[in-house]
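Inspection log for the structure reproduced underneath, given as structure tokens.
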């Protein structure tokens, strides 16, 4: 009975035992015919024992065992799957389920992945999912060959799915990313450490310990706490996009420090952009001290270290984050005294929709977050950008279409031919003289990259580029990679024209020496 301060009964409450578990979820696994099922480590540890240790009741469903690639296209001749193909395959092959009734994560096992490192990835994050249901899907590679190097111990040189323990560990690792957790690098040899780090720890240990016998089939205490006590919306599939730990309500840990001597400069490529155009932002991390400092090895958004916010003229805050986080990519580098490292991001939308939905002055804040010996570190910088009003009715209509089509970001991020609404919106922009320079490379990258059995249409892609095309330093580098990879079927004069365009772009944006060398190396 419930009584008020006067002793009057105002209600009743009944408590009863429901379950010994804190949470319940299902992992559905689909695979190509050539792959093994990642069901256990070969020594009695399986999904139920690992998740049961932190209070989760896990059900594993062995689904389709002979999946093919999406649509009539198939996958490439090397049997490697792009992120776009993985997402399309998930939508095709997984069982339909109401996520409010059953938390179901999807794991797909394919021959090879077009990611680095090539073992596994949680790809369904942020705006990468065209069905707008984040953190449903992960993937692992069955046929990746473990390097024949001493550090890999007892499994060196093996096909990945024949190394039962590491293969199963990667599957669990990627599903836990779908639960909203990040990797760590060195806290222990448990599930959320990186595979390379665990192998290195074994290689430096006293024999006879060898990888994978040093794997801990458990979660670090911090990760266990998160999986147990993060609010549902942050761990369930279809909840919030993956967020920095400090933004998730839970009993507080130590605040994330900002290191002394590291500064982040944020600079939009253009000071003004027309309504509807993507915004290209350059950011540079500088070491202002006289000593070497540990920093992320790369500032690409896909590495998972870079995120940020955009504040519109009315003060509304919108966030952007990595399109996906293959969080095994955790190695640090030492940034020398007085040295810098730079990268670029192309922004158009975030989890709250368009980042630049109307004309006016916007503030862009970029944050870099990384882990040093188990301690998270962050640095941030900011700048402003002006979005100009529509030039005419034609521009206004094209801008409205692209701003209201969520798939545009997916085309920008992952490409592919299956995102019809996004592709149509971009085509509308390419037909508009104001927006065409801003979208030309986005479409060129898409058609210049093979999808399924469609080969890369490199000559057509180059034809979209000219002196007016807007490209960030990172996009110039990507263009050089596409053109330099396989251009034997492209006329010599077309390759020379592309090379001249990229050289001119390098001067416009002050690209680094590595990008310049890549452009200079382009040969018909």
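Considering only residues that are over 24 Å from the mean Cα position of the chain (by Cα), part of a loop (DSSP other than H, G, I, E, B) and crowded, with 17+ Cβ neighbours inside 10 Å, which ones fall in the range 381-434?
Within the range 381-434, 390, 432, 434 qualify.
Taking the criterion of being touching a helix residue (DSSP H, G or I) at 6+ places or on another chain (Cβ under 8 Å) and either within 29 Å of residue 393 (Cα to Cα) or part of a loop (DSSP other than H, G, I, E, B) (or both), would at least one residue in the range 280-295 satisfy it?
Filtering the range 280-295 for residues touching a helix residue (DSSP H, G or I) at 6+ places or on another chain (Cβ under 8 Å) gives 280, 282.
From what's left, either within 29 Å of residue 393 (Cα to Cα) or part of a loop (DSSP other than H, G, I, E, B) (or both): 280.
The answer is yes, given that some residue of the range 280-295 is touching a helix residue (DSSP H, G or I) at 6+ places or on another chain (Cβ under 8 Å) and either within 29 Å of residue 393 (Cα to Cα) or part of a loop (DSSP other than H, G, I, E, B) (or both).
Which ones in the range 302-341 are assigned to a helix (DSSP H, G or I) and either modelled with pLDDT of 90 or more or surrounded by fewer than 20 Cβ atoms within 10 Å (Cβ to Cβ) (or both)?
Matches in the range 302-341: 302 only.
Find the residue count for the range 342-354, including only residues that are crowded, with 19+ Cβ neighbours inside 10 Å and under 19 Å from residue 305 (Cβ atoms).
6
Condition check: assigned by TED's automatic domain parsing to the domain that holds residue 89 and within 17 Å of the chain's Cα centre (by Cα). Does residue 137 satisfy that?
yes
Mind telling me which of the residues 210, 242 ends up being in contact with a helix residue (DSSP H, G or I) (Cβ under 8 Å, 6 or more places away or on another chain), surrounded by 21 or more Cβ atoms within 10 Å (Cβ to Cβ) and outside any strand (DSSP E or B)?
Unique residue meeting the criteria: 242.
Would you mention how many residues in the range 388-406 are within 23 Å of residue 351 (Cα to Cα), out of contact with any strand residue (DSSP E or B) (no Cβ under 6 Å at 6 or more places or on another chain) and modelled with pLDDT of 90 or more?
7
Restricting the range 46-61 to residues that are over 27 Å from the mean Cα position of the chain (by Cα) and not in a strand (DSSP E or B), which is farthest from residue 216 (Cα to Cα)?
55
Identify all residues within the range 1-45 that are touching a residue at least 60 places away in the same chain (Cβ under 8 Å) and assigned to a strand (DSSP E or B); write none if there are none.
23, 24, 25, 26, 27, 28, 29, 30, 31, 40
What are the residues in the range 352-380 that are at pLDDT 90 or above, assigned to a strand (DSSP E or B) and within 15 Å of residue 312 (Cβ to Cβ), if any?
Those that are at pLDDT 90 or above, assigned to a strand (DSSP E or B) and within 15 Å of residue 312 (Cβ to Cβ): 354, 360, 361, 362, 363, 364, 365.
May I ask you to say which residue of 505, 488 is out of contact with any strand residue (DSSP E or B) (no Cβ under 9 Å at 6 or more places or on another chain) and at pLDDT 85 or above?
Just one listed residue meets the conditions, 505.
Name the residue, out of 81, 93, 47, 103, that is assigned by TED's automatic domain parsing to the domain that holds residue 226, surrounded by 14 or more Cβ atoms within 10 Å (Cβ to Cβ) and more than 23 Å from residue 142 (Cα to Cα).
On the way: 81 fails: more than 23 Å from residue 142 (Cα to Cα); 93 fails: more than 23 Å from residue 142 (Cα to Cα); 47 fails: more than 23 Å from residue 142 (Cα to Cα).
Only one candidate qualifies: 103.
Considering each residue of the range 219-233, count those that are out of contact with any helix residue (DSSP H, G or I) (no Cβ under 7 Å at 6 or more places or on another chain) and in a loop (DSSP other than H, G, I, E, B), and give that number.
Number satisfying all stated conditions: 3.
The values are calculated or read from the model by the stated rules, or taken from the named source; none is laboratory data. Model, not experiment: these values are computed from the prediction. We place every Cβ from the backbone using ideal geometry, glycine too, and count neighbours over all the protein chains shown.
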